[in-house]
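For reference, the structure is listed below as structure tokens.
The values are calculated or read from the model by the stated rules, or taken from the named source; none is laboratory data. Only a predicted model underlies this, so the values are computations on that prediction, with no experimental measurement involved. Glycine gets a Cβ as well: all are built from the backbone with ideal geometry, and neighbour counts include every protein chain shown. Ligands, DNA and RNA are excluded from the accessible area calculation, which covers all protein heavy atoms including side chains. Shrake-Rupley method; radii C 1.70, N 1.55, O 1.52, S 1.80 Å.
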Amino acid sequence: KQEVTQIPAALSVPEGENLVLNCSFTDSAIYNLQWFRQDPGKGLTSLLLIQSSQREQTSGRLNASLDKSSGRSTLYIAASQPGDSATYLCAASNFGNEKLTFGTGTRLTIIP
Amino acid sequence: NAGVTQTPKFQVLKTGQSMTLQCAQDMNHNSMYWYRQDPGMGLRLIYYSASEGTTDKGEVPNGYNVSRLNKREFSLRLESAAPSQTSVYFCASSRGGISGANVLTFGAGSRLTVL
């Protein structure tokens, strides 16, 4: 059974710094790895999806990487801003979305 | 763009009462999903519908039923609510299939408390 772990559970970083969020998964036979953002009291917003054949995806200040052999994905946020404060969740899919396993998230706080 | 709309946003029930959570999407997506989110446990899939007319159990289906009313709507019903069903419920949709590029779009969530 796929297990997804995100450590640390919470992270505080001064504004302007670059940062990396970590995601580990146990089963390397994944179809894709997705990163989501969740603001307090809101639903999840998809940030990036990396297909199993890809090594990374970029969107603006965000870059997500995937290393299936080591069972790791990272989300890199450049030049952090207070508006980046949110909980970031990763999810690994072993088939379609019906086999999507979520991590418990990293709560990120950017300090102005 | 409405995306995925869930109702109600908040609901308080007494043990044994029943209720239905409604979900509708306007993106012509084939697949729809119901998740629950509990502190420290991540999101867990309750039921999903890969296409209109089909539904399947997810990881935690006990105590729930679903109906895919048409391509747009997917409802979740609690027949006899229990305190263990206190949670935040999310509906989501996606284009569907086993393509690697199958982005999920989520609703804003429904917070349910069972007393």
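Being assigned to a strand (DSSP E or B) and open to solvent by 10 Å² or more (accessible area, probe 1.4 Å) is the filter; apply it to segment B:88-113 and report the residue that is nearest to the other protein chains (Cβ to nearest Cβ). Applying the filter and picking the extreme gives B:PHE106. Taking segment B:29-70 as the range and being under 17 Å from B:LEU112 (Cβ atoms), touching an Asp or Glu at 6+ places or on another chain (Cβ under 7 Å) and charged (D, E, K, R) as the test, only B:ARG44 passes. If you take the residues in segment A:1-45 that are of a type in the set (Phe, Trp, Tyr) and more than 17 Å from A:TYR76 (Cβ to Cβ), which one is least open to solvent (accessible area, probe 1.4 Å)? Looking at residues that are of a type in the set (Phe, Trp, Tyr) and more than 17 Å from A:TYR76 (Cβ to Cβ), I get A:PHE25. Take A:GLN57 and decide whether it is within 14 Å of chain B (Cβ to nearest Cβ), of a type outside the set (A, V, I, L, M, F, W, C) and under 15 Å from the mean Cα position of the chain (by Cα). So A:GLN57 fits the description; yes.
The set of residues in segment A:68-90 being modelled with pLDDT under 95 and either touching a Gly at 6+ places or on another chain (Cβ under 7 Å) or of a type in the set (D, E, K, R) (or both) consists of A:LYS68 alone. Applying a threshold of 6 Å to beta carbon distances and a minimum spacing of six or more residues, or different chains, the list of pairs starting in segment A:1-22 at a residue that is of a type in the set (D, E, K, R) and ending at one that is open to solvent by 70 Å² or more (accessible area, probe 1.4 Å) reads A:GLU3/A:THR26; A:GLU15/A:PRO112. Out of segment B:39-55, which residues are in contact (Cβ under 8 Å) with a residue 40 or more places away in the chain and open to solvent by 20 Å² or more (accessible area, probe 1.4 Å)? Correct list: B:ALA50, B:SER51.
The single condition among (1) over 20 Å from B:ARG36 (Cβ atoms); (2) touching a strand residue (DSSP E or B) at 6+ places or on another chain (Cβ under 7 Å); (3) within 14 Å of chain B (Cβ to nearest Cβ); (4) not hydrophobic (A, V, I, L, M, F, W, C) that A:LYS68 does not satisfy is (2). Scanning segment A:97-112 for residues that are more than 10 Å from chain B (Cβ to nearest Cβ), among the β-branched types (Val, Ile, Thr) and open to solvent by 10 Å² or more (accessible area, probe 1.4 Å) yields a count of 2. Taking the criterion of being away from every other protein chain (no Cβ under 14 Å) and modelled with pLDDT under 95, the residues of segment B:47-67 that qualify are B:GLU52, B:GLY53. Pairing residues of segment A:76-96 that are within 14 Å of chain B (Cβ to nearest Cβ) and over 19 Å from A:CYS23 (Cα atoms) with residues that are among the β-branched types (Val, Ile, Thr) and assigned to a loop (DSSP other than H, G, I, E, B), at Cβ distances under 8 Å and at least 6 apart in sequence or on separate chains, gives A:GLY96/B:ILE98. Restricting attention to segment B:67-80, the residues being among the hydrophobic types (A, V, I, L, M, F, W, C) and open to solvent by 30 Å² or more (accessible area, probe 1.4 Å) number 1.
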